[in-house]
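The values are calculated or read from the model by the stated rules, or taken from the named source; none is laboratory data. Treat the numbers as computed from the prediction; the structure is a model and nothing was measured. No Cβ is skipped: glycine too gets one built from the backbone with ideal geometry, and neighbour counts run over all protein chains shown.
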Amino acid sequence: MSESQQSHSEQSHDGGCACDAVRYRVSGALRPVIACHCGQCRKSLTNYGAFTAVARDDLEIANEGGITWFESSPGVRRGFCRRCGSALFWDNSAAAHVSIAAGTLDLPSGVKLARHIYVADKADFYEIGDGLEQLPQGQDTGRLPRSGT
C-alpha cells in the first residue's frame, strides 16, 4: 500500500447495519470509543452502548431514508435501521459531532475503548474490569475528545 493510500485509509472508515440497507462513510478522524452504561443504552442495546464519534461534516450516510430516528430525550435522537433494527447513531443536536455505534464499523476499525460513562446506571449482572476510567455520570458532550483524553 502506498503512503498516500495508507494515509487515506487511516482517515476514511466505512460501516453499516446488519442487513446493509444503510451504509455510511466517515472521512475524518474518529474519537476513541466510549462505553455508555446509561439506562437508555442498557434497554435499547441490551447491555451498554459502545460509541465512537466524528464531526458532523465528516459523516456521509447512504440511504438516509432507511434510518428510523427515535427522540430518546429532548434534543437527542437515536438512529436505527428501519429493516434490521441495528442501532447506528446517537445524535445530540447541541453537539458538533455525531456518535456512531462502534460495532457497525467495518473491520478493521482502528478504534480503541477509552472510558466508561454512566457506570452508576449499569446493569447489575456484570462488572467492569478493564482498568479504564469509569465516570459515574456522563461527560462533556460539546467537544470531540481525541485519543488519550
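Figures for the structure shown
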| item | result |
| --- | --- |
| Of all residues making up segment 22-32, the number that are touching a residue at least 60 places away in the same chain (Cβ under 8 Å), of a type outside the set (A, V, I, L, M, F, W, C) and not in a strand (DSSP E or B) | 2 |
| Selection within segment 123-149 - modelled with pLDDT of 95 or more and crowded, with 16+ Cβ neighbours inside 10 Å | Gln134 |
| Inter-residue pairs, beta-carbon under 8 Å, first over 21 Å from Cys36 (Cα atoms) and in a loop (DSSP other than H, G, I, E, B) and in segment 62-91, second polar (S, T, N, Q) and at pLDDT 95 or above, 6+ apart | Arg82/Thr68 |
| Subset of segment 91-127 (residues that are out of contact with any Lys or Arg (no Cβ under 9 Å at 6 or more places or on another chain), under 24 Å from Asp14 (Cα atoms) and not aliphatic (A, V, I, L, M)) | Gly103, Thr104, Asp106, Pro108, Ser109, Gly110, Lys112, Arg115 |
| Filtered residue count, segment 34-51, keeping only those that are surrounded by 23 or more Cβ atoms within 10 Å (Cβ to Cβ) and farther than 16 Å from Val76 by Cα | 2 |
| Segment 92-122 - residue that is touching a residue at least 24 places away in the same chain (Cβ under 8 Å) and among the hydroxyl-bearing types (Ser, Thr, Tyr) and, of those, surrounded by the fewest Cβ atoms within 10 Å (Cβ to Cβ) | Ser109 |
| Qualifying residue in segment 33-41 (condition: outside any strand (DSSP E or B), closer than 20 Å to Gln139 by Cα and under 12 Å from the mean Cα position of the chain (by Cα)) | yes |
| Members of segment 92-115 found to be under 21 Å from Ala62 (Cβ atoms) and assigned to a strand (DSSP E or B), listed by number | His97, Val98, Ser99, Ile100, Ala101, Leu105 |
| Qualifying positions in segment 42-61 - of a type outside the set (S, T, N, Q) and outside any strand (DSSP E or B) | Arg42, Lys43, Leu45, Tyr48, Arg56, Asp57, Asp58 |
